[in-house]
1. With N residues in segment 4-159, what two-decimal value do you get for its Cα radius of gyration over 2.2 N^0.38 Å?
2. If you place +1 on the Cβ of every Lys and Arg, -1 on the Cβ of every Asp and Glu, and leave all else neutral, what size is the dipole of segment 1-48 about its Cα centre, to the nearest 20 Debye?
3. Please compute the Kirkwood hydrodynamic radius over segment 94-169, one decimal place, Å, based on all pairs of different Cα atoms.
4. Just give me a number: lysine pairs in segment 1-75, eight or more positions apart or cross-chain, with C-alpha atoms less than 28 Å apart.
5. With a cut-off of at most 14 other beta carbons within 10 Å, and DSSP calling the residue loop, which GluC sites (Glu not before Pro) in segment 1-102 qualify? Please list them.
6. When the helices in the chain are scored as -39500 (n - 2.57) per DSSP H run of 4 or longer and the sum is shared across all residues, what 222 nm value do you end up with, to the nearest 500 deg cm²/dmol?
7. I want the local charge near LYS153. Using Cβ-Cβ distances under 15 Å, sum +1 for each Lys or Arg and -1 for each Asp or Glu among the other residues.
8. Identify all lysines with a Cα-Cα distance to LYS124 below 16 Å; exclude those on the same chain that are fewer than 8 residues away in sequence.
Amino acid sequence: MPGYVIHVAVAQEYFKKHKNIENVKQFIEGTVEPDFIKPKSLSHYGKSPAYTNLKNFLDNNQINSSFQKGFFVHLITDYLFYNHYIEKFSREDIYNDYDILNGKLIKKYNVELPQRTKESVFFKDGETKILSFELACKVIDEVSNLDIETVRKEVLENKEKWTKYKNLI
């Protein structure tokens with residue numbers, strides 16, 4: 001899963017670009033919620049965040065509230081992150097990269113973290129191994145450009161880009 005800073009940046013940018021969110025606070029809360037549910041297979045509707053199943057989510061949920069829209073944006077972000085933006089990763093390296101990038105991303109996107117995430121966001125110096133600053137920004141910018149209603153329709157129509165999984169290591 002992308003770190004909390006990436007998820008909140010996606011949510012904040014999405015809110016700026018789209019007019020279909022009624023309550024930004026609930027939207028952002030929904031965006032971080034899936035990573036507070038254990039096991040994550042329950043909240044990601046697949047065996048892990050790397051194997052998020054958007055169709056399973058839509059078969060079991062409505063996306064008619066700001067919170068549910070945020071939850072869905074979280075799952076879209078995870079799905080694309082693991083199936084489009086990165087190929088291979090180690091858990092240790094990717095979490096270290098988040099810690100290295102958090103400060104820069106907070107500054108660039110003026111991220112305001114929900115209180116419940118603050119104890120889980122860390123800051124380190126160093127060089128990233130998997131996720132560069134440029135790639136993190138690309139994820140945030142491109143995912144926040146998507147329209148969740150269009151994604152919902154495409155998922156329900158079984159469009160290939162939403163039903164393919166990579167074999168991740």
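1. Against the compact-globule rule of thumb, the ratio is 0.98.
2. On the way: 7 positive and 5 negative charges, 22 e Å.
Around 100 debye, computed over segment 1-48.
3. Working: mean 1/r = 0.0674 Å⁻¹.
So the Kirkwood estimate lands at 14.8 Å.
4. Pairs that pass both the separation and distance tests number 20.
5. Working: sites: GLU13, GLU22, GLU29, GLU87, GLU92; in loops: GLU22, GLU87.
Counting only loop positions with at most 14 other Cβ atoms within 10 Å, the GluC sites (Glu not before Pro) in segment 1-102 are GLU22, GLU87.
6. Values: 8 runs with 91 residues, N = 169.
Rounded to the nearest 500, it is -16500 deg cm²/dmol.
7. Details: positive: LYS55, LYS69, ARG152, LYS159, LYS161; negative: ASP59, ASP147, GLU149, GLU154, GLU157, GLU160.
Net local charge, LYS153 excluded: -1.
8. Cross-link targets: LYS104, LYS107.
Each reported figure results from applying straightforward, stated rules to the coordinates on display, with no laboratory input. Predicted model only: the values in this text are computed from it and were never measured. In this analysis, Cβ positions are derived from the backbone assuming ideal geometry, glycine residues included, and neighbour counts consider all displayed protein chains.
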